[in-house]
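K.L.:
Following this message is one structure expressed as structure tokens.
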Amino acid sequence: MSNHNELTQIYLDANATTPVLPEAASAAMTAMQTLFGNPSSSHITGLKAKDLMEQTRRRAQTLLGTGKGKLIFTSGATEGIQTSILSALIAAKPLITAPLKGAAKNYCVLYGATEHKAVPESLKHWLSVLDIAAEVVAIPVDEYGILDHEFISQHAANALMICTMAVNNETGVFQDLQLLEQTIRTANPNIFWMVDCVQALGKIQLDLQKTTIDYAPFSGHKLYAPKGIGFVYIRDSAPFTPFIAGGGQESGLRSGTENLPGMAALNVIFDMLLRTSNSAFCDSQTLHNYRNQLAQTLTDCFPRVVFNNSFNHSVATTLNFAVQGFSSKEIMDLFDAANIRVSSGSACSSKVTRSFVLDAMGLPAWQSESAIRMSFGPAITQAEVDAACQRIKFASQALTQSCMLLDASNDINANNDISNKVALDGLLQLRFGASCTWVYVDQANKQALIIDPLPELQQRLDTLLQCQELKPIAIIDTHGHADHQSGREVLANRYLPEQDCDILGWPYLTQTINHAGEQFDAIKIGKVQLIKVPTPGHTSDSISLILHTSADDKFDNNSAKYAFCGDTILMGSLGRTNFDSSSSAALFHSLKLLKRTISSNTLICASHDYNNEFTTHMNAEMARNPLLNAVLNEQITESDFIARKAQLDSHLVDEVGSEIMCGAYVGSCDKSAIKEYDANSLNIAMNTNTALRIIDIREPHEYALNHSQGASQNVPLTRLVQFIQEHQHQKQQPWVLICRSGSRSLVAAQAMHRLGFSQVAHLKGGYALSA
Ligand code: PLP
């Protein structure tokens, strides 16, 4: 097993921020230690500081061709955006309060639909603070991310201000500013025009004095200067109101003692941009070559990659892609394990799983949900690009060997010895959103059972079956799903075209098995059997599938390992019974039947997991679900149950995100407080408690790419339920769960704790904070 822990990171997230270039850092350091004066001081230390500041300004003015326009230093682009918007709106306000003669206009402010959130949010904020009644209108973009000029022509006449961007931060898409200017000025010669130039600096040539752009904010940290320094250009004829008043610095236009170290760093960056030789920055052709090389590697390694940005319409430093069948979180986890830093969607809103930019471009939902941005700065080197490509190959090979990718045709070279292909045996929980597909593998016979296959997981299931050389013996739905389509038919047609089965996929030719005088249908798979228990209620066709270990023709409850009960019992709730084919009376009896056929510790594997709880058992459910408890302890009559259930269902939130909620939540969903370690306390605990075991719960490909030798056991989240099942007798064992950032380990630890694993803990912040 290889260990890539020592690999240095490959940073490909320059559009979020860049490292500070050594020359710039050194200039900043000098400004802090030697040239530390206050530019407002009249002594020599102050004069030197002022000189450095003015030299930086002059360089910026030359670089950007600002002509007679102002160039004011700010804390960053967000401040530059506020300054611009505030200035423009204060100047535009009289237009609204004293409308021109004739019909009253409905005023608006326009912004590009793919603009950084700082723009529309600032517009809304300042319109509200200034009490200006103007609608905030997004200008649509086409599939390439180019602004709709016709829309601008139609709306600009009534607009107080228009905000566009030179280069988009997610896609690198640039606008033709000259053409845009024509459109805007033809429609409204007086409109205030702001162009967010943050992602354009150092990537496209700007000559601002030749344009009618009124405001242009920039940021230092997107181009190798530190965070906290930026600047804004203001056209000489554009109105201006200081955003920060005070000591009168920047000629009274922006008060506050200047950030000289930031300016010193910027000064170096401007110098490099102005140089024609010996610059750390590559020329445009070289950057295009680098992007092509990265794109080619991605295409070789991930045959189902799709690029979300057109290379003809975007600057060379940005790639935005999606890999069909993978969420952006999965690719992020994979790349992070390979020590490649990229971002998903927009870095500024990393909790959001879709990209509003790609949505605005009208790209298919999956591309937006799975989007990965890979971006680099103009100081990147050929060696870094080569290393990135090599690392991408490692990552894809790790995926191939964990059976999540089949046909990557990459030529991994000799010194890479990732060999993490493990023959799967037992239970696997796959999920898409909050819905689950369960796969049970009998490795000895190379057979698989697939339960509730989701259409979104078809490709993953295909890959898994082929890679592990497994033959499905049954593909079964636990019920006719009302909330989503089943992927059963497609898979069954492919793998079991001859099988004679009912509509849910249960094969007709099965044996029967006896349990406490009742007969059930059963299928054998290796040493276990799958038993079908009719559990109508949620739907009339609902069944539960009990996997148990007894090999004879009768079984007892204690041999029941897993109960795949669809939506009959969900974690913390009972399946909803307000569909046309539902019956709460039937559910009442199904719950009792289920209780008679499984043990209190049989793991219940539901078809939804809204709360990241993975699995449950009757003991845990009865403890937190009073209604279930009442049914199973004979404390409620059928008619009272029906009434209570109707009441619960009427309170059901119909949708969670894009998914229908299949159960009314009745139990408490309080997550237990889990013991948390940091790297230090974990080290101490490991030295003092020899019984303590580390479990790395990342996926096998992440584990293969990057883990400490011998220190941990890998139990990916997809195998957690099996792990819980196999360790039910070790509930006092101290375990510490670890993942990349501490979020997966926390939910897994909470799930285990709820099921009685009292000594489970996790590493807060994950590997990210402990390396
Ligand atoms: N505009 C764009 C296009 C950006 O990419 C960013 C940063 O993500 C900003 C504005 C905000 O810049 P700052 O971080 O300097 O405030």
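K.L.:
Taking interchain pairs and intrachain pairs at least six residues apart, which have beta carbon atoms under 9 angstrom, with the first residue in segment 346-369 and more than 14 Å from the ligand (Cβ to nearest atom) and at pLDDT 55 or above and the second open to solvent by less than 20 Å² (accessible area, probe 1.4 Å) and among the aromatic types (Phe, Trp, Tyr)?
P.N.:
Pairs found: GLN367/PHE321.
K.L.:
Just to be sure, is LYS105 at pLDDT below 95, surrounded by fewer than 23 Cβ atoms within 10 Å (Cβ to Cβ) and touching a Pro at 6+ places or on another chain (Cβ under 9 Å)?
P.N.:
It is true that LYS105 is at pLDDT below 95, surrounded by fewer than 23 Cβ atoms within 10 Å (Cβ to Cβ) and touching a Pro at 6+ places or on another chain (Cβ under 9 Å).
K.L.:
Something else: Just checking, does segment 377-394 include any residue being under 18 Å from the mean Cα position of the chain (by Cα) and under 30 Å from PRO140 (Cα atoms)?
P.N.:
No, there is no match, as no residue in segment 377-394 is under 18 Å from the mean Cα position of the chain (by Cα) and under 30 Å from PRO140 (Cα atoms).
K.L.:
Restricting to segment 417-468, name every residue that is out of contact with any helix residue (DSSP H, G or I) (no Cβ under 8 Å at 6 or more places or on another chain), of a type in the set (Ser, Thr, Tyr) and part of a strand (DSSP E or B).
P.N.:
SER435, TYR440
K.L.:
Considering only residues that are within 19 Å of ASN611 (Cα to Cα) and not hydrophobic (A, V, I, L, M, F, W, C), which ones fall in segment 562-598?
P.N.:
If the condition is that a residue be within 19 Å of ASN611 (Cα to Cα) and not hydrophobic (A, V, I, L, M, F, W, C), then GLY566, ASP567, THR568, GLY572, SER573, GLY575, ARG576 are the ones that fit.
K.L.:
If you check every pair at least six apart or on different chains, which have Cβ atoms under 6 Å apart with a residue in segment 280-296 that is touching a residue at least 60 places away in the same chain (Cβ under 8 Å) first and a residue that is of a type in the set (Gly, Ala, Ser) second?
P.N.:
Cβ pairs passing all conditions: ALA280/ALA379; PHE281/ALA379; LEU287/ALA316.
K.L.:
Restricting attention to segment 499-525, and to residues there that are of a type in the set (Gly, Ala, Ser) and at pLDDT below 90, which single residue is least open to solvent (accessible area, probe 1.4 Å)?
P.N.:
Taking the candidates together, the pick is GLY517.
K.L.:
List every residue pair whose Cβ atoms lie under 6 Å apart, where the two residues are 6 or more positions apart in sequence or sit on different chains, the first residue falls within segment 624-636 and is of a type in the set (S, T, N, Q), and the second residue, located anywhere, is open to solvent by less than 30 Å² (accessible area, probe 1.4 Å).
P.N.:
What qualifies is ASN625/GLY667.
K.L.:
Shifting gears a bit: I'd like the residue in segment 170-193 that is of a type in the set (S, T, N, Q) and in a helix (DSSP H, G or I) and, out of all such residues, is nearest to ASN15 (Cα to Cα).
P.N.:
Here the answer is GLN178.
K.L.:
Report, by residue number, each residue of segment 202-256 that is within 16 Å of the ligand (Cβ to nearest atom) and closer than 24 Å to LYS93 by Cβ.
P.N.:
ILE213, TYR215, ALA216, PRO217, VAL232, TYR233, PHE243, ILE244, ARG254
K.L.:
Moving on. Is there a residue in segment 702-711 that is of a type in the set (A, V, I, L, M), more than 30 Å from PHE394 (Cβ to Cβ) and at pLDDT below 90?
P.N.:
no
K.L.:
Out of the residues in segment 48-82 that are of a type in the set (Asp, Glu) and either free of Cβ contacts under 8 Å to residues at least 12 places away in the same chain or more than 14 Å from the ligand (Cβ to nearest atom) (or both), which is nearest to LEU223 (Cα to Cα)?
P.N.:
Restricting to residues being of a type in the set (Asp, Glu) and either free of Cβ contacts under 8 Å to residues at least 12 places away in the same chain or more than 14 Å from the ligand (Cβ to nearest atom) (or both), the top hit is GLU54.
K.L.:
So, in segment 570-581, of the ones that are within 15 Å of SER607 (Cβ to Cβ) and not hydrophobic (A, V, I, L, M, F, W, C), which residue ends up surrounded by the most Cβ atoms within 10 Å (Cβ to Cβ)?
P.N.:
Per the stated criteria, the residue is GLY575.
K.L.:
Consider ARG460 against the criteria (1) open to solvent by less than 30 Å² (accessible area, probe 1.4 Å); (2) under 26 Å from TRP366 (Cβ atoms): it satisfies all of them except one. Which criterion is unmet?
P.N.:
Here ARG460 meets the rest and fails (1).
K.L.:
Show me the strands (runs of 3 or more DSSP E) entirely contained within segment 220-324 in which 3 or more residues are more than 30 Å from ALA371 (Cα to Cα) and either of a type in the set (A, V, I, L, M, F, W, C) or open to solvent by less than 10 Å² (accessible area, probe 1.4 Å) (or both).
P.N.:
Fully inside segment 220-324 and qualifying: 230-234.
K.L.:
So which residues in segment 108-164 are assigned to a loop (DSSP other than H, G, I, E, B) and either open to solvent by less than 20 Å² (accessible area, probe 1.4 Å) or farther than 17 Å from PHE356 by Cβ (or both)?
P.N.:
Across segment 108-164, the qualifying residues are THR114, GLU115, LEU130, ASP131, ILE132, ALA133, ALA134, GLY145.
K.L.:
Okay, next question. Answer yes if at least one residue in segment 205-214 is in the same structural domain as GLY325 (by TED's automatic domain parsing), more than 22 Å from GLN382 (Cα to Cα), open to solvent by 30 Å² or more (accessible area, probe 1.4 Å) and part of a loop (DSSP other than H, G, I, E, B), and no otherwise.
P.N.:
The answer is no, given that none of the residues of segment 205-214 is in the same structural domain as GLY325 (by TED's automatic domain parsing), more than 22 Å from GLN382 (Cα to Cα), open to solvent by 30 Å² or more (accessible area, probe 1.4 Å) and part of a loop (DSSP other than H, G, I, E, B).
K.L.:
Looking at segment 145-172, which of its residues are farther than 19 Å from ALA91 by Cβ, polar (S, T, N, Q) and within 16 Å of the ligand (Cβ to nearest atom)?
P.N.:
Residues satisfying the conditions are ASN168, ASN169, THR171.
K.L.:
Restricting to segment 67-87, count the residues that are open to solvent by 30 Å² or more (accessible area, probe 1.4 Å) and of a type in the set (Val, Ile, Thr).
P.N.:
Qualifying residue count for the region: 1.
K.L.:
Please go through segment 485-498 and pick out each residue that is open to solvent by 40 Å² or more (accessible area, probe 1.4 Å), in a loop (DSSP other than H, G, I, E, B) and not charged (D, E, K, R).
P.N.:
Result: GLN485, SER486, PRO497.
K.L.:
Kindly provide the set of residues from segment 373-387 that are among the hydrophobic types (A, V, I, L, M, F, W, C), outside any loop (DSSP other than H, G, I, E, B) and buried (at least 24 other Cβ atoms within 10 Å of the Cβ), ordered by number.
P.N.:
Answer for segment 373-387, where residues must be among the hydrophobic types (A, V, I, L, M, F, W, C), outside any loop (DSSP other than H, G, I, E, B) and buried (at least 24 other Cβ atoms within 10 Å of the Cβ): just MET374.
K.L.:
So, one more: Residues in segment 580-602: is at least one assigned to a loop (DSSP other than H, G, I, E, B), touching a Leu at 6+ places or on another chain (Cβ under 7 Å), in contact (Cβ under 8 Å) with a residue 12 or more places away in the chain and within 21 Å of GLN429 (Cα to Cα)?
P.N.:
no
The values are calculated or read from the model by the stated rules, or taken from the named source; none is laboratory data. None of the values given here were measured: they were computed from a predicted structure. Note that each Cβ is placed from the backbone with ideal geometry, even for glycine, and that neighbours are counted across all protein chains shown. Accessible surface areas use protein heavy atoms only, side chains included; no ligands, DNA or RNA. Shrake-Rupley method; radii C 1.70, N 1.55, O 1.52, S 1.80 Å.
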